[in-house]
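To keep things clear, I will list the structure first and then write my remarks on it.
The values are calculated or read from the model by the stated rules, or taken from the named source; none is laboratory data. All figures in this text were calculated on a predicted structure; none of them were measured in a lab. Because the Cβ atoms are built from the backbone with ideal geometry, glycine has one as well, and the counts that use them run over all protein chains shown.
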Amino acid sequence: MRLFDTHCHLNDGRFAEDREAVLSRMEEAGVELAVVVGDASNEEDPVFELARTNGGLYAASGLHPHDADKWSEELARRLEADLVREQAVALGEIGLDYHYDFSPRETQKAVFDMQLEMAYRLSLPAILHIREAHGDATEILGARARSGRLPCCVMHCYSGSWESAKGYLDMGMYISFSGSLTFKNAPRLTEVCRNMPLDRLLVETDCPYMAPVPLRGRRNEPAYVEHTARKAAQIREMDPEELALAALENGLRFFRIPNNS
């Protein structure tokens, strides 16, 4: 299978001791590309260096909704400077998280909208983290769509309903499935995966989080994205290699990465 892990956190400290081995397993598993998602609040985040020094890795950075109260003019300037680097392919992950509410909701909404504007100005796609906040997210995204200032977006690690997904798809967005698609208690995700257009479907690990069945409880890593791709193929009654290739091509198109194969 040819695979693209469209959202991982190989910059996470949990990979510090064996990152090279993880990258080797990624290659052996047929994972040709991965987008490593950084943390704009961390000035020492190695995400761009990882992408610069490892073929097949690309970088994204943004301020997570958990840290929205850290937004400042200085952080915005540093983020914009990072996003014009050669390795940068997206702004994110950004959005709203009302499950934990680590930052005030009004602050989350304001910072989300400012980062969407930055992505639009820089002509970059945006990686969205929306948890238990689909109503407010739809309002913000819909307003931007109507004004013509909505960047191309992907709903990362999607957890919403088919009804919400239809609204996002109508705005031209992509939907990405993580290991949660393989969980037994995921009927809503199964419905979304079965019904959505194939040309908007992406797969990811979100590692080191969300390890798929049959690896739940382990530290997740890019090599494990195969399990999510196989589950999506099963749900859609497709050949797994065909689905994996479609998802890879979708990822190349979304992140505007040249297809050199």
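Tabulated values for the structure
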| quantity | calculated |
| --- | --- |
| Inter-residue pairs, beta-carbon under 6 Å, first at positive phi and in segment 184-206, second part of a loop (DSSP other than H, G, I, E, B), 6+ apart | Asp206/Cys157; Asp206/Ser178 |
| Residue in segment 226-233 that is in contact with a strand residue (DSSP E or B) (Cβ under 7 Å, 6 or more places away or on another chain), modelled with pLDDT of 95 or more, over 15 Å from Tyr158 (Cα atoms) and not aliphatic (A, V, I, L, M) present | yes |
| Every residue from segment 68-95 that is acidic (Asp, Glu) and more than 17 Å from the chain's Cα centre (by Cα) | Asp69, Glu73, Glu74, Glu80, Asp82, Glu86 |
| Hey, Asn250 closer than 18 Å to Leu10 by Cα and within 16 Å of the chain's Cα centre (by Cα) or not | no |
| Check on Thr205, of a type in the set (S, T, N, Q), modelled with pLDDT of 95 or more, assigned to a loop (DSSP other than H, G, I, E, B) and farther than 30 Å from Gly148 by Cα | yes |
| Identity of the residue in segment 118-135, closer than 20 Å to Ser176 by Cβ and of a type in the set (D, E, K, R), that ends up surrounded by the most Cβ atoms within 10 Å (Cβ to Cβ) | Arg131 |
| Sole exception among (1) within 23 Å of Ala34 (Cα to Cα); (2) touching a residue at least 40 places away in the same chain (Cβ under 8 Å); (3) in contact with a Leu (Cβ under 9 Å, 6 or more places away or on another chain); (4) not small (Gly, Ala, Ser) for Pro212, by number | (2) |
| Qualifying residue in segment 66-81 (condition: out of contact with any Ser or Thr (no Cβ under 9 Å at 6 or more places or on another chain), crowded, with 18+ Cβ neighbours inside 10 Å and aliphatic (A, V, I, L, M)) | no |
| Residue satisfying condition, being out of contact with any helix residue (DSSP H, G or I) (no Cβ under 9 Å at 6 or more places or on another chain), buried (at least 16 other Cβ atoms within 10 Å of the Cβ) and more than 25 Å from Ala233 (Cβ to Cβ), within set Asp39, Asp18, Asp12 | Asp12 |
| Any hit, segment 131-141, residues being part of a strand (DSSP E or B), within 24 Å of Gly251 (Cβ to Cβ) and touching a Leu at 6+ places or on another chain (Cβ under 9 Å) | yes |
| Breaking point among (1) in contact with a strand residue (DSSP E or B) (Cβ under 9 Å, 6 or more places away or on another chain); (2) farther than 18 Å from Leu33 by Cβ; (3) surrounded by 17 or more Cβ atoms within 10 Å (Cβ to Cβ), for Gly92 | (2) |
| Of all residues making up segment 86-129, the number that are of a type in the set (D, E, K, R), within 17 Å of Asp45 (Cβ to Cβ) and assigned to a helix (DSSP H, G or I) | 0 |
